[in-house]
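Presented below is the structure to which this report refers.
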Amino acid sequence: MKLRSKRCMPIFFAAGVLLFAALFISPQWSAVAAQASAAPPAPIHASALQIEQIRAEDVKLPAEFQMAMYEHVIEEVEKTRRFQHLYRDGDRDAANAADLVTLKCTVTGFKPGSAEKRQVTTVAGKTSVTVHLVFTDKNGQKLAENDVQGKVQFFGENLRATFDFGKKVAAVVRQDFAPMKPAKA
Amino acid sequence: MLKRTRSVFLLAPLFVAAAVVSSPMAHAQDKAITTFKVHHVIGLQAIQHNAKGQVMVTKDSLTFSSGPTKSDLAINSIEDVQTGADSQRIIGGTLGALTMFAPYGSGRFLSLFRSKIDTLTIEYRDPNGGLHGAIFTLPQGQASMLKSQLVAAGAKASPVPAQEAPKS
């Protein structure tokens, strides 16, 4: 009897492994396969981008955060070299741009955090700001939308979260927009 | 005659004391009116981030100067001025970052020593109508003085919203 149970052990073990694979690995694998098979969205071609003022309607965001985020986004998006023209909010020249894309940023979450806590404990006091980005064309049609979080977790003062936010917006722009065509000589 | 001289002797020290007390205050006020020592965080054209310098409000412009570089901002282009409160490490910069690796947690201990600072956020428009934002940090208590000078010179400013400043 004991001998039979010893023989059955590997079978039970193998059955368990197969069950585990069927339950957990297969759905994940199929999701990965589906993602791989789905073609990535074609990059958007646009020669001009206008970045609107960052809005914080339902979230209390300090003025310095709001403006620092805006300035960092402008700086970092400029570095991506995806657009021939980059217009600020209210720039009158934007009206003449042919294929203008507008970026609207709405703050959906803000955690003030504490630089002192971060520097003393390392793990506590994270500052974060979550923003919903919407890219629209001249007719107001949505081209892309993303949620981006700027944060400072370990080193740096609170305003550094705005720099991180700018970097992440630039990464989204790099991913969603086609590079500028080189100018013909 | 004696009474007169006595009253003169009584009044003289009062005048001297008033002169001694008021003259530094007046001097300090004059000094406060002319220049503010600030850190430019971001936003002014042709000025580096975190540049130290001085801000001066004149009749029609705000001038930031950092060594030989200067940046002028027309007062009538300012759409909003807001003040805030923050704090920063007393030992900052590269040295401050290096102290984080000091032994026995002494770097963390040094992080507890912080100075309170004011922030001043200025929203302004360029000649094309494009929005810009300039942020300065100043010693505690000076941001409201600078703001009032800007408002007196003609800058627009919205009322202070009741919002929590982030703890630092």
Handout entry: Residue within region A:61-70 that is charged (D, E, K, R), at pLDDT 95 or above and surrounded by 15 or more Cβ atoms within 10 Å (Cβ to Cβ) present
Key = no
Fill in the blank from the handout: Counting only strands (runs of 3 or more DSSP E) entirely within region A:54-143, those with at least 3 residues that are within 12 Å of chain B (Cβ to nearest Cβ) are A:85-88, A:127-136
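Taking the condition more than 25 Å from A:Phe155 (Cα to Cα) and among the aliphatic types (A, V, I, L, M), does B:Ile78 pass?
Yes; evaluated as a whole, the condition is true for this residue.
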Practice task
Could you tell me which residue of region A:90-113 is nearest to B:Glu79 (Cα to Cα), considering only residues that are over 21 Å from the mean Cα position of the chain (by Cα) and surrounded by fewer than 19 Cβ atoms within 10 Å (Cβ to Cβ)?
Solution key: A:Gly90
Handout entry: Filtered residues of region A:161-183 (kept if within 20 Å of A:Glu71 (Cβ to Cβ), touching a residue at least 12 places away in the same chain (Cβ under 8 Å) and either surrounded by fewer than 16 Cβ atoms within 10 Å (Cβ to Cβ) or not aliphatic (A, V, I, L, M) (or both))
Key = A:Thr162, A:Phe163, A:Asp164, A:Phe165, A:Gly166, A:Lys167, A:Lys168, A:Arg174
Handout entry: Close pairs from region A:128-149: first among the acidic types (Asp, Glu), partner outside any strand (DSSP E or B), Cβ under 9 Å, at least 6 apart
Key = A:Asp137/A:Ala46; A:Asp137/A:Asp99
Handout entry: Exclusive hit being surrounded by fewer than 17 Cβ atoms within 10 Å (Cβ to Cβ) and in contact with a Lys or Arg (Cβ under 8 Å, 6 or more places away or on another chain), set B:Asp126, B:Asp72
Key = B:Asp126
Problem - Filter result for B:Gln88 (touching a Ser or Thr at 6+ places or on another chain (Cβ under 8 Å), surrounded by 16 or more Cβ atoms within 10 Å (Cβ to Cβ) and either among the hydroxyl-bearing types (Ser, Thr, Tyr) or in the same structural domain as B:Ala51 (by TED's automatic domain parsing) (or both)) - result: yes
Completion exercise
Listed by first then second residue, the pairs whose first member lies in region B:92-104 and is without any contact (Cβ under 8 Å) to a residue 60 or more places away in the chain, whose partner is surrounded by fewer than 14 Cβ atoms within 10 Å (Cβ to Cβ) and hydrophobic (A, V, I, L, M, F, W, C), with beta carbons under 8 Å and at least 6 positions apart or on separate chains, are B:Ala97/A:Phe155; B:Met100/A:Phe155
Completion exercise
In region A:141-158, anything under 15 Å from A:Met69 (Cα atoms) and in contact with a helix residue (DSSP H, G or I) (Cβ under 6 Å, 6 or more places away or on another chain) is listed as A:Val148, A:Gly150, A:Lys151, A:Val152, A:Glu157, A:Asn158
Exercise for the section: Kindly check whether there is at least one residue in region A:168-184 that is assigned to a helix (DSSP H, G or I), closer than 25 Å to B:Ala134 by Cα and of a type in the set (Lys, Arg). Expected result: yes
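The values are calculated or read from the model by the stated rules, or taken from the named source; none is laboratory data. Just so it is clear, the model here is predicted, and its values are computed rather than measured. Because the Cβ atoms are built from the backbone with ideal geometry, glycine has one as well, and the counts that use them run over all protein chains shown.
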